[in-house]
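Here is the structure we will look at, set down as structure tokens.
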Amino acid sequence: MQNNASIKRNLGKKIKDLANQGLSYRKIQRKLNCSKGSIAYHLGKGQKKKALARQAAYKATLQMESVKAA
């Protein structure tokens, strides 16, 4: 998931632009000082959907645990 810092830095657009110029993940990583995971998130097929699904599952687990604890 994109956090506020990466949104403010406009990281997604920068990553896509550099990838379109032919830069490798490693070169993008060095140039933008970001993780390979961030690069994969923005460039990988279906990565955003997977991240949203993981987040929803995690939240559901937290809700179930809080109901059990009550």
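Taken over the chain, the convex hull of the Cα atoms encloses 90 Å³ per residue. Against the chain, whose longest principal axis comes from its Cα atoms, helix 11-20 is set at around 40 degrees. The angle between the Cα long axis of helix 47-69 and the main principal axis of the chain comes to about 20°, on a 0 to 90 degree scale. Listed by chain and number, the lysines placed with their C-alpha closer than 26 angstrom to that of Lys14 are Lys27, Lys31, Lys36, Lys45, Lys48, Lys49, Lys50; residues fewer than eight positions away on the same chain are left out. On a per residue basis, the chain carries 78 Å² of accessible surface, using protein heavy atoms and a 1.4 Å probe. Scalar couplings 3J(HN,Hα) for the stretch 37-42, obtained by applying the Karplus form with A = 6.51, B = -1.76, C = 1.60 to θ = phi - 60°, are x, 5, 5, 4, 4, 7 Hz; x denotes Gly and Pro.
The values are calculated or read from the model by the stated rules, or taken from the named source; none is laboratory data. The model shown is predicted, which means the values in this text are computed figures rather than measured ones. Quick note on the areas: whole protein, heavy atoms, side chains included, nothing else; ligands and nucleic acids left out. Shrake-Rupley method; radii C 1.70, N 1.55, O 1.52, S 1.80 Å.
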